[in-house]
Structures are given as C-alpha cells and as structure tokens.
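The block underneath contains the structure these notes are about, expressed in structure tokens.
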Amino acid sequence: MSDRPLRLRFAPSPTGFFHVGGARTALYNWAIALRLGGTFVLRIEDTDEARNQPEWTQGIIDALAWIGIHADDDHFEGPYFQSSYADQHVAAAQRLFEAGVAYYCDLSGDEVQARAKASGTPGYDGYSRDRGLEPGPGRVLRFRVPEGTTVVHDLVRGEVSFENANIEDFVLLRGNGSPMFLLANVVDDITMQISHVVRAEEHLPNTPKQQMLWQALGAEPPVWAHVPVLVNEQRKKLSKRRDKVAVEQYRGEGYLSDALVNYLMTLGWAPGGDTEIVPWSSIVGEFRLEDVNHSPAFFDLKKLAAFNGEYIRALALDEFIETCAPFVLASDVPWNAEQFNPVVFSAIAPLVQTRIARLDEVAPMVDFLFLADAPIDEAAFAKTMAGPNSTALLTEVIDAFESAEWDHDSLKETLEAIGDGFQLKLGKAQAPVRVAVTGRTVGPPLFESLVLLGRDETLRRLRAALGHVRTAPE
Ligand code: GLU
C-alpha cells in the first residue's frame with residue numbers, strides 16, 4: 001500500500017454553504033498532500049439533484065481558495081463532478097451482478113419494513129438473495145454481504161471491527177437504476193486511484209460496506225482516516241440549523257483565513273510546541289493523521305476569536321489597513337465613499353488593530369470619525385449622562401476645549417484637571433466625553449480620537465450631546 005502514489009481527495013456534496021467541518025477535512029487532506037508530495041483531488045459529489053445548486057459548487061471552490069487550497073496549485077487536481085460518471089457507477093454495479101456478489105430484489109421499501117417488523121429483526125432480511133431475479137423496473141440491486149468480520153484499519157481510530165451479520169445487504173442501484181452514494185463514492189475513489197480516504201467520522205459506519213465494495217471490485221482498499229466530529233458548547237454535533245457553520249459567514253465577519261485555518265487544524269490535533277498558534281508552513285511540516293485525536297472536538301468560538309485577534313495584531317500596519325478595506329469600503333458601511341477619509345483611517349488604524357478580534361468590529365469603532373451624526377447607543381448614552389456630574393463636567397469640558405492646545409497631552413491634562421474638580425479619576429471623567437463624541441462607551445483611545453476629529457467637530461458634538469440630554473425623554 002505504501003508504494004501507491006499518494007492521492008487524497010475531498011469529496012463535498014454541494015448542498016449548502018461550505019461547513020467549517022468540511023473545511024477542516026479539506027485542510028487535513030491538503031496538509032498531507034503538501035507534506036508528502038501527494039495529490040489532492042477535489043470531487044464534487046453532485047448526484048443529489050434535488051439538493052444540489054451550481055452556486056454551492058462555486059462557493060466551495062471559492063472558500064477552498066480562501067483557506068489556501070488553490071485550484072492552480074500543482075498538488076490540486078479537479079474539480080471532478082460525480083454526476084459525470086454515472087455510467088461508470090452503473091457499469092461497476094453490473095460487474096458485481098454478473099459476478100454474483102450483487103442481486104436484484106423486487107421488494108418495495110414498505111415491504112422490506114413490513115418483513116423486518118414481522119421478524120423482529122431490523123433491516124433487510126436477504127429475501128431475494130437466492131431468487132435469481134433479473135434486472136427490471138422497480139428492482140433494486142443489493143450487495144451480497146459475505147459472512148465474517150470486516151476490519152477497518154483507520155489511522156485515527158485504530159482497528160475497528162464490524163460483524164458482517166449486522167450489515168444488511170445494502171442497495172447499490174435504486175429501482176430506477178440510479179447509483180447509490182456508497183457505490184458512486186467507491187467507484188470514483190477507485191477510478192481516481194485514491195490511496196487515502198480522510199473524511200468525517202460520520203462516514204465510519206459506511207466504511208465496512210465500502211471496503212467490501214473495494215474488494216469486490218478487485219481493488220486494494222485505501223488507507224482510511226475518520227476525523228472527529230465537531231461539537232458546540234453543549235457538546236452537540238455542529239449543525240447548520242443550530243450553529244454558525246458556514247466558512248463564508250466567518251469570512252464575512254472578519255476572520256482572517258490564516259487564523260481560521262490554524263484554528264481548524266487544532267480541532268483534533270495540536271502542533272508540538274508550547275503554542276497552538278503556528279504558521280501554515282510548520283503545520284504542513286508537522287501534521288500527521290496518526291496524531292489526530294478521535295474524541296469529538298469542541299468548536300470554541302471564543303478560542304477562534306482569540307486566535308483571530310492574535311493574527312490581526314500580528315499584521316504589519318499596512319497589511320492591516322489593506323485587510324480592513326472590504327470592511328470599511330463595503331456597501332453596507334454606514335458612510336459613503338466621500339465621507340470616508342483614508343488618511344484619518346490610517347491614523348486611527350493602529351489603535352483599532354490592538355482592540356479587535358474581528359474585522360467587522362472596525363466600522364462601528366471608527367464610524368464617528370466619518371459620520372457627522374454617528375449612531376448613538378442611546379441606552380449607554382442615557383446611563384452615562386445620568387451620572388451626577390456628567391452634564392456639569394461636559395459644560396466645563398466645552399469651555400476648556402475651546403482654548404486648549406489641540407494635542408493628545410494637553411487634552412488629557414485638561415480633562416484630568418476637570419475630573420479632579422469632580423473627584424473623578426480620568427477613566428470616569430472620560431466616559432461622558434466619549435459617549436458624547438462617539439456615541440458609544442467603547443472605542444479607540446479617546447484623546448487620539450479627539451485629535452483626529454478636530455476641535456470644531458469635537459465641540460459641536462459635545463454641545464449637541466448636552467442638547468440631547470435636555471431633550472431626551474425621562
Ligand atoms: N460527499 C460526502 C459528504 O459530503 C463525502 C463522502 C466521503 O468523503 O467519502 O459527506
């Protein structure tokens with residue numbers, strides 16, 4: 001087996017957004033292909049016509065490219081489309097029928113169930129095994145599961161034994177002649193000379209059946225590796241109905257692809273050193289399927305955000321500014337292209353960079369610099385202004401700011417002195433000024449922000465805030 005050329009595959013079904021679990025599986029395959037000089041085959045399993053959409057396929061290809069798996073890389077082959085190979089799937093089934101390892105059955109699904117119920121044994125009972133039926137409309141082709149035990153050698157899970165007695169004679173071709181997933185998947189893997197099947201653990205129960213098919217079709221089964229399921233905080237399997245699973249969504253929220261990739265790799269595996277935050281090149285150098293853990297992996301959003309924050313902070317400033325572009329120039333930001341000032345943004349950027357975990361936090365943090373009427377967090381505003389000295393303090397601040405030197409240190413000293421008069425520490429004294437000027441209680445450092453905003457605009461907002469306090473409903 002070891003002298004077979006290393007050929008891995010990623011075989012998603014294009015039935016929805018690209019799931020983070022799929023991305024992790026793809027990355028595991030990709031890392032091995034890169035480390036050992038193998039080939040990564042992308043096969044789109046698009047045989048479920050009712051659920052497939054071409055845009056999902058494009059979404060997968062785009063998302064793969066975003067996480068670094070590029071179709072133009074030498075290690076990449078495909079995409080192949082499973083639906084183009086239906087003839088081969090049917091031909092393989094035909095061979096199995098002719099060899100006597102598959103047989104036709106004319107029972108309907110209901111009849112199979114009725115028999116199972118009557119006998120008290122679940123599953124199909126082999127009713128047509130020896131009836132010698134020829135193909136015909138409505139007849140399904142079933143695989144004749146031999147007696148014995150099927151042992152799957154799995155790089156992640158070790159040796160897993162399945163009693164064949166518990167495996168029913170499964171269907172290869174439906175009553176309308178179309179191939180089932182189990183068959184199509186194996187025939188394609190054989191045709192594409194796949195040496196390693198690395199995929200989600202949910203397919204482990206299929207594996208003994210598929211291994212039998214490999215053997216019945218005269219091929220040497222691949223190396224199997226079933227990677228652990230991803231679970232949410234409640235230890236439930238990540239699902240698109242319950243959880244945020246779409247890679248596209250993480251991208252849209254401003255996760256960096258390097259951070260997401262690094263985090264996904266650690267779901268079931270850990271790099272050797274004392275930190276899990278490691279560059280892709282080290283991951284490729286170190287990653288081995290034998291080291292993948294088989295217990296469910298917790299997809300921890302907080303940890304992912306922490307990874308992302310680290311990756312954001314590690315960017316050079318110009319890279320950070322460039323990376324922010326889609327988030328500050330997008331069509332859904334609250335300012336228009338004329339209001340956005342790239343010089344001001346570049347000046348505030350280093351202060352924002354250290355304070356965020358996601359790029360979608362940037363716009364709400366800097367909007368006050370570009371919008372004359374920045375959105376006001378009314379609840380926070382009301383709470384801050386309700387403080388006993390807030391309006392008196394603001395009145396004094398307006399007075400003092402009219403003549404203060406307009407630089408960081410002078411503004412800070414001015415506010416400190418005013419705060420002293422009210423027995424307020426600087427942090428407390430800043431709160432009403434910040435909410436008055438920015439509309440929010442958190443944001444980039446205050447004095448740097450005021451310097452950028454300028455005296456006139458700062459004073460205008462401080463006065464407007466006092467007016468807002470007076471007109472606010474009780
Ligand atoms: N198309 C299958 C899925 O998306 C993958 C099957 C496999 O990897 O063998 O779950």
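The values are calculated or read from the model by the stated rules, or taken from the named source; none is laboratory data. Keep in mind that this is a model prediction, so the values were computed, not measured. Don't worry about glycine lacking a Cβ; one is built from the backbone with ideal geometry, like all the others, and counts go over all protein chains shown. All accessible areas refer to the heavy atoms of the entire protein, side chains included, with ligands and DNA or RNA removed. Shrake-Rupley method; radii C 1.70, N 1.55, O 1.52, S 1.80 Å.
Assorted remarks:
- Meets criteria (assigned to a helix (DSSP H, G or I), open to solvent by less than 30 Å² (accessible area, probe 1.4 Å), of a type in the set (A, V, I, L, M, F, W, C) and touching a Ser or Thr at 6+ places or on another chain (Cβ under 8 Å)) for PHE401: yes
- Meets criteria (buried (at least 17 other Cβ atoms within 10 Å of the Cβ) and more than 36 Å from the chain's Cα centre (by Cα)) for ASP169: yes
- Any chance ALA184 is out of contact with any strand residue (DSSP E or B) (no Cβ under 8 Å at 6 or more places or on another chain) and crowded, with 19+ Cβ neighbours inside 10 Å: yes
- For the criterion of being open to solvent by 50 Å² or more (accessible area, probe 1.4 Å), at pLDDT 95 or above and more than 16 Å from the ligand (Cβ to nearest atom), PRO146 passes.
- Every pair of residues 6+ apart whose Cβ atoms lie under 7 Å, when the first sits in the range 347-375 and is in contact (Cβ under 8 Å) with a residue 60 or more places away in the chain and open to solvent by 20 Å² or more (accessible area, probe 1.4 Å) while the second is aromatic (Phe, Trp, Tyr) and assigned to a loop (DSSP other than H, G, I, E, B): ARG358/TYR255
- Test: residue in the range 92-105 that is under 22 Å from PRO222 (Cβ atoms) and assigned to a loop (DSSP other than H, G, I, E, B): yes
- Identity of the residue in the range 189-208, more than 13 Å from VAL41 (Cα to Cα) and open to solvent by 50 Å² or more (accessible area, probe 1.4 Å), that ends up farthest from the ligand (Cβ to nearest atom): PRO205
- The sole residue among ARG43, ARG51 that is within 19 Å of HIS19 (Cα to Cα) and exposed (fewer than 14 other Cβ atoms within 10 Å of the Cβ) is ARG51.
- Residues located in the range 1-30, provided they are more than 15 Å from the ligand (Cβ to nearest atom) and of a type outside the set (Gly, Ala, Ser): MET1, ASP3, ARG4, PRO5, LEU6
- Of the residues making up the range 218-236, one or more are within 15 Å of the ligand (Cβ to nearest atom) and within 14 Å of the chain's Cα centre (by Cα).
- Boolean, GLY309 is more than 18 Å from the chain's Cα centre (by Cα) and either at pLDDT below 95 or in a helix (DSSP H, G or I) (or both): no
- Unmet requirement for GLN211, which otherwise passes all of (1) open to solvent by less than 30 Å² (accessible area, probe 1.4 Å); (2) over 14 Å from LEU182 (Cβ atoms): (2)
- Scanning the range 320-361 for residues that are in a loop (DSSP other than H, G, I, E, B) and of a type in the set (Phe, Trp, Tyr) yields a count of 2.
- The residues in the range 31-56 that are hydrophobic (A, V, I, L, M, F, W, C) and within 14 Å of the ligand (Cβ to nearest atom) can be counted, and the count is 5.
- Matching option when the condition is in a helix (DSSP H, G or I), within 15 Å of VAL197 (Cα to Cα) and either modelled with pLDDT under 95 or among the small types (Gly, Ala, Ser) (or both), among GLY22, GLY59: GLY22
- Residues that are touching a residue at least 12 places away in the same chain (Cβ under 8 Å) and either open to solvent by 30 Å² or more (accessible area, probe 1.4 Å) or out of contact with any strand residue (DSSP E or B) (no Cβ under 9 Å at 6 or more places or on another chain) (or both) within the range 99-122 comprise ALA99, GLY100, VAL101, ASP106, SER108, ARG115, listed in sequence order.
- One residue stands out among those in the range 29-56 that are polar (S, T, N, Q) and modelled with pLDDT under 95: the one that is nearest to LEU172 (Cα to Cα), which is THR47.
- Check on PHE76, open to solvent by 10 Å² or more (accessible area, probe 1.4 Å) and not charged (D, E, K, R): yes
- Scan of the range 230-286 for residues that are in contact with a Pro (Cβ under 6 Å, 6 or more places away or on another chain) and open to solvent by less than 50 Å² (accessible area, probe 1.4 Å), ordered by number: VAL231, GLY268, VAL278
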